[in-house]
Amino acid sequence: MSENRRAAVLGSPIAHSLSPVLHRAAYEKLGLAGWAYDRHEVDEAALPGFFERLDATAGDRPWAGLSLTMPLKRAVIPLLDEISDTAASVEAVNTVVFTDDGRRVGDNTDIPGMVAALRERGVERVAGAAVLGAGATASSALAALSRVCEGEVTAYVRSEARAAEMRQWGERLGVAVRTADWDDAAEAFRAPLVIATTPAGTTDALAASVPDRPGALFDVLYDPWPTRLAAAWAERGGAVVSGLDLLVHQAVLQVELMTGRTPAPLATMREAGEAALVGRAR
């Protein structure tokens, strides 16, 4: 593999992304001095043009890979030569690797990243789980739960259309999904594992309903952190997995796929991410 390679994260909005911090920290630790990782503001309409210009923008650093965030995880699929089974299972690609023979291969590191983040916090297998929300991250959460949850998953949603989507994802992923109204979301906290996939502020009102002995909470947000729900959960002694945990674990897998170097430096990448968040809070 070339000593000088290029990678980047694409999305819209993208200015907040911590991916450059994590990947650059990994490159430095791995001794990849000739590698560069940038961010590019790219929406769905601009994505095909970005791919057409890849060779022209490579310069003296051939492209190794791309990280993709919203709204591009599904839009990129028609532009690829191949996608992994994991990516196909949720119709979402967050990683593109450019092979030496010129192929564009899509993968999804969010799902194994979720599993790894849970495992790191001691969550290996659970008898049941609850998911708060029904967006794109919720489908990845169901895919992760297909690997760790032995029983039923209850999804708390705001509309019947969203409920139907979650049930369909459950059927596709082999997960028994029951849906419930968002007004009853506090009931989710009876589950041994709760995954919150909603935007910032959405679960704030639920913080007062955290029980005295909660199970595990996986809150996919990382900025601001902690969320009110995560803080209340930790105060009551429950295990908490953060969005930064997810971000780091999925980025570790991306670094390994793009560079071919294993293992990627998990601790170094997490420290870099934590330092960046502290800097933002000042």
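The values are calculated or read from the model by the stated rules, or taken from the named source; none is laboratory data. Keep in mind that what you see is a predicted model, and the values were worked out from it rather than measured. Cβ: placed from backbone, ideal geometry, glycine included. Neighbour counts: every protein chain shown. Heads up: the accessible areas ignore ligands, DNA and RNA and are worked out on the full protein's heavy atoms, side chains in. Shrake-Rupley method; radii C 1.70, N 1.55, O 1.52, S 1.80 Å.
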>> Can you give me the convex hull volume of the Cα atoms of region 231-275, divided per residue and expressed in Å³?
In response: 76
> Given the Cα-Cα distance of residue 164 and residue 125 and 0.36 nm per residue of separation, how much length would full extension add, in nm?
Replying inline: 11.4 nm
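Residues with beta-carbon under 11 Å from that of residue 65, excluding residue 65: net charge, scoring Lys, Arg +1 and Asp, Glu -1?
+1
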> Taking Cα atoms, how many degrees apart are the long axis of helix 19-30 and the longest axis of the chain, rounded to 10 and kept between 0 and 90?
Replying inline: 60
> Gaussian network model of the chain, Cα springs within a sub-10 Å range: biggest mean-square fluctuation belongs to which of 205, 230, 144?
Replying inline: 205
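By the scheme Lys and Arg +1, Asp and Glu -1, what is the net charge of all other residues having a beta-carbon under 12 Å from that of residue 14?
Details: positive: 39; negative: 38, 41, 43.
Around residue 14, the charge tally is -2.
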>> So if I take the alpha carbon set of the chain, get Rg, then get Rh from the Kirkwood formula, what is the Rg over Rh ratio?
In response: 0.97
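How high is the relative contact order of region 161-281, in percent, counting Cα pairs under 8 Å that sit 6 or more residues apart? Don't skip to the end; give the middle numbers.
Numbers: 134 pairs, mean separation 20.4, N = 121.
Computed value for region 161-281: 17 percent relative contact order.
Cβ under 14 Å from residue 180's Cβ, residue 180 left aside: what net charge do those residues give with Lys, Arg +1 and Asp, Glu -1? Intermediate results must be reported in sequence, preceding the final value.
Values: positive: 158, 162, 167, 178, 190; negative: 152, 160, 181, 183, 184, 187.
That works out to -1.
What per residue convex hull volume, in Å³, comes out for region 168-282 when only alpha-carbon positions are used? Numbers along the way, then the final one.
On the way: hull volume 16.9 nm³, N = 115.
Cα-based convex hull of region 168-282, divided per residue, equals 147 Å³.
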>> Going by average Cβ density within 10 Å per residue, which order do the peptides 24-34, 126-136 take, highest to lowest?
In response: 126-136, 24-34
> Once you put a point 7 Å from the Cα of residue 231 and another 7 Å from the Cα of residue 275, both along the Cβ direction, what distance in nm separates them?
Replying inline: 2.7
> Hey, if you drop one equal point scatterer on each alpha-carbon of region 75-118 and run the Debye formula without solvent, what base-10 log of I(q)/I(0) do you get at q = 0.13, 0.16, 0.30 Å⁻¹?
Replying inline: -0.28, -0.41, -1.02
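Would you work out what percent of the accessible area of region 173-282, with all protein chains in place, is carbon or sulfur (probe 1.4 Å)?
Details: 2510 of 5010 Å².
The computed percentage sits at 50.
Let me have the 222 nm mean residue ellipticity of the chain computed from DSSP H runs of 4+ only, each contributing -39500 (n - 2.57), with the sum over all residues rounded to the nearest 500.
So the helix-based figure for the chain works out to -11500 deg cm²/dmol.
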> Extent of region 33-125 along each principal axis, from alpha carbon coordinates, in Å, largest to smallest?
Replying inline: 47, 33, 27
>> Report the Cα centroid-to-centroid distance between region 133-206 and region 215-259 in angstrom, as an integer.
In response: 17
>> Using the Cα centre of region 72-187 as the reference point, and only Cβ charges (+1 on K/R, -1 on D/E), how large is the resulting charge dipole? Debye, rounded to the nearest 20.
In response: 80
>> Rounded to the nearest 10 Å², what accessible area does residue 21 have for a 1.4 Å probe in the complete protein model?
In response: 50
>> Need one value: the accessible area of residue 169 in square angstrom, 1.4 angstrom probe, rounded to the nearest 10.
In response: 40
> Once the Cα atoms of region 103-257 are picked out, what are the Rg and Dmax in Å?
Replying inline: 14.7, 52
> Using a 1.4 Å probe, what is the accessible area per residue for the chain, in Å²?
Replying inline: 45
